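Undergrad: My questions will all concern the structure given below.
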Amino acid sequence: MVKPGRFLLMTAVAFVAALPGLAQDNSTEALAKAAQNPVAAMISVPFQLNTTFNYGIDSLQKRDTQYVLNIMPVVPITLNENWNLITRTIVPVVSQPHPIEDVSPIGGIANIQETLFLSPAKPGKVIWGAGTIFQFPTASNRMLGSSKWAVGPAVVVLAMPGNWVLGFLAQNLWSFAGPQGAPEVNQFLLQYFINYNFKGGWYLGSAPFNTADWTQPQSKDVWTVPLGISLGKIIHLGKQPVNIQLGYYYNVVRPTGALPSGPYTIRFQLQFMFPRKK
């Protein structure tokens, strides 16, 4: 299988080389803030590549690079003048080393997630969304995800004081159906985001994925807690606004026992934005 990192790496080089010649307009700063708002009333299609180095099982000394390309279309639906329904889909395409020596890497689709946020159409100083997340057993390989169906609550809260975008997204999934004997699902995710926006659509921030797998018997295998920083910019390809972002995250807490782990991740994202015309 072709590693998903190669295509986006080539695309990133092309975008960086083209930056000086790309057009901008006076809505760039507003677009930057909208790109950082998970419940913005705007269609967007992010392609997010997470490349984790030294991924593998410590005890087997079998470590390599894991690529996870998340395709994450966001589509808002206007319910009425007061409420929006924000749909957020995550389709993970994965390539990762096999835990057994001299066996080809595992590649394919992991479990797809769908989140539905109910959010005020006219938010105040505090912007929020609340709803449900579903996980479907779509993994093409049993090592890429559980065969169980899962569901749970999801919430996002943020504010935009001045040049800042501050907030968090939290969710927890529990399995409720699926083959008997398949691994149960009880997974928590907390993503806080801290972004400071500069002129011209540039921004600096941090948005790590803090996760916990509550099914693990050993406490050392439960949490993954990264710290890091990212740099982003809104560019225009003709009239098409695109949010381009590059980040580095180091796992200060990570599984060290039976679960695969990796010390640090490079995140590269292209987010195609389709703002509503006034």
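Undergrad: Since residue 124 meets every condition but one in (1) under 30 Å from residue 82 (Cα atoms); (2) in contact with a Gly (Cβ under 8 Å, 6 or more places away or on another chain); (3) small (Gly, Ala, Ser), which condition does it not meet?
TA: Result: residue 124 fails condition (2) only.
Undergrad: Another question about this same structure. So residue 277 ticks every box in (1) more than 16 Å from residue 56 (Cα to Cα); (2) in a loop (DSSP other than H, G, I, E, B); (3) touching a strand residue (DSSP E or B) at 6+ places or on another chain (Cβ under 9 Å) but one. Which box is left unticked?
TA: Tallying (1) more than 16 Å from residue 56 (Cα to Cα); (2) in a loop (DSSP other than H, G, I, E, B); (3) touching a strand residue (DSSP E or B) at 6+ places or on another chain (Cβ under 9 Å), residue 277 fails exactly one: (3).
Undergrad: From the set of residues in segment 114-131 that are part of a strand (DSSP E or B) and not hydrophobic (A, V, I, L, M, F, W, C), which is surrounded by the most Cβ atoms within 10 Å (Cβ to Cβ)?
TA: Initial filter on segment 114-131 (part of a strand (DSSP E or B)): 114-120, 126-131.
Still in the list and also not hydrophobic (A, V, I, L, M, F, W, C): 114-115, 119-120, 129, 131.
Values: 114: 15, 115: 23, 119: 22, 120: 14, 129: 25, 131: 19.
That would be 129.
Undergrad: Would you tally the residues in segment 195-246 being surrounded by 15 or more Cβ atoms within 10 Å (Cβ to Cβ), in contact with a helix residue (DSSP H, G or I) (Cβ under 7 Å, 6 or more places away or on another chain) and part of a helix (DSSP H, G or I)?
TA: Selection size over segment 195-246: 1.
Undergrad: Residues in segment 132-156 that are in a strand (DSSP E or B), farther than 17 Å from residue 88 by Cα and out of contact with any Gly (no Cβ under 7 Å at 6 or more places or on another chain): how many?
TA: So the first thing to find is which residues in segment 132-156 are in a strand (DSSP E or B), and the list is 132-136, 149-156.
Still in the running and farther than 17 Å from residue 88 by Cα: 149.
Filter again for out of contact with any Gly (no Cβ under 7 Å at 6 or more places or on another chain), leaving none.
Going through segment 132-156 one residue at a time, the tally reaches 0.
Undergrad: Return a yes/no flag: does segment 84-94 have any residue that is under 21 Å from the mean Cα position of the chain (by Cα), under 27 Å from residue 233 (Cβ atoms) and outside any strand (DSSP E or B). Give the steps one after another, and end with the answer.
TA: Going residue by residue through segment 84-94, those that are under 21 Å from the mean Cα position of the chain (by Cα) are 85-94.
Going one step further and asking which of them are under 27 Å from residue 233 (Cβ atoms), we end up with 86-93.
Going one step further and asking which of them are outside any strand (DSSP E or B), we end up with none.
Scanning segment 84-94 turns up no residue that is under 21 Å from the mean Cα position of the chain (by Cα), under 27 Å from residue 233 (Cβ atoms) and outside any strand (DSSP E or B).
Undergrad: Additional query: For residue 169, indicate whether it is in contact with a strand residue (DSSP E or B) (Cβ under 8 Å, 6 or more places away or on another chain), assigned to a strand (DSSP E or B) and under 21 Å from residue 252 (Cα atoms).
TA: Spelling it out, residue 169 is indeed in contact with a strand residue (DSSP E or B) (Cβ under 8 Å, 6 or more places away or on another chain), assigned to a strand (DSSP E or B) and under 21 Å from residue 252 (Cα atoms).
Undergrad: Would you say residue 182 is at pLDDT below 95, more than 19 Å from residue 42 (Cα to Cα) and aliphatic (A, V, I, L, M)?
TA: yes
Undergrad: OK, next. Return the total of residues in segment 117-169 being in contact (Cβ under 8 Å) with a residue 60 or more places away in the chain and charged (D, E, K, R).
TA: Residues that pass the stated criteria total 0.
Undergrad: Consider residue 103 carefully, then state whether it is over 19 Å from the mean Cα position of the chain (by Cα), of a type in the set (A, V, I, L, M, F, W, C) and more than 30 Å from residue 41 (Cβ to Cβ). Show your work before the answer.
TA: On the way: over 19 Å from the mean Cα position of the chain (by Cα): yes; of a type in the set (A, V, I, L, M, F, W, C): yes; more than 30 Å from residue 41 (Cβ to Cβ): yes.
Taking the combined requirement at face value, the residue satisfies it.
Undergrad: Another question, then. Working only within segment 252-277, note down all residues that are at pLDDT 95 or above and crowded, with 19+ Cβ neighbours inside 10 Å.
TA: If the condition is that a residue be at pLDDT 95 or above and crowded, with 19+ Cβ neighbours inside 10 Å, then 265, 267, 268, 269, 271, 273 are the ones that fit.
The values are calculated or read from the model by the stated rules, or taken from the named source; none is laboratory data. Since this is a predicted model, take the numbers as computed values, not measurements. Reconstructed Cβ throughout: ideal geometry from the backbone, glycine too, with neighbour counts over all protein chains shown.
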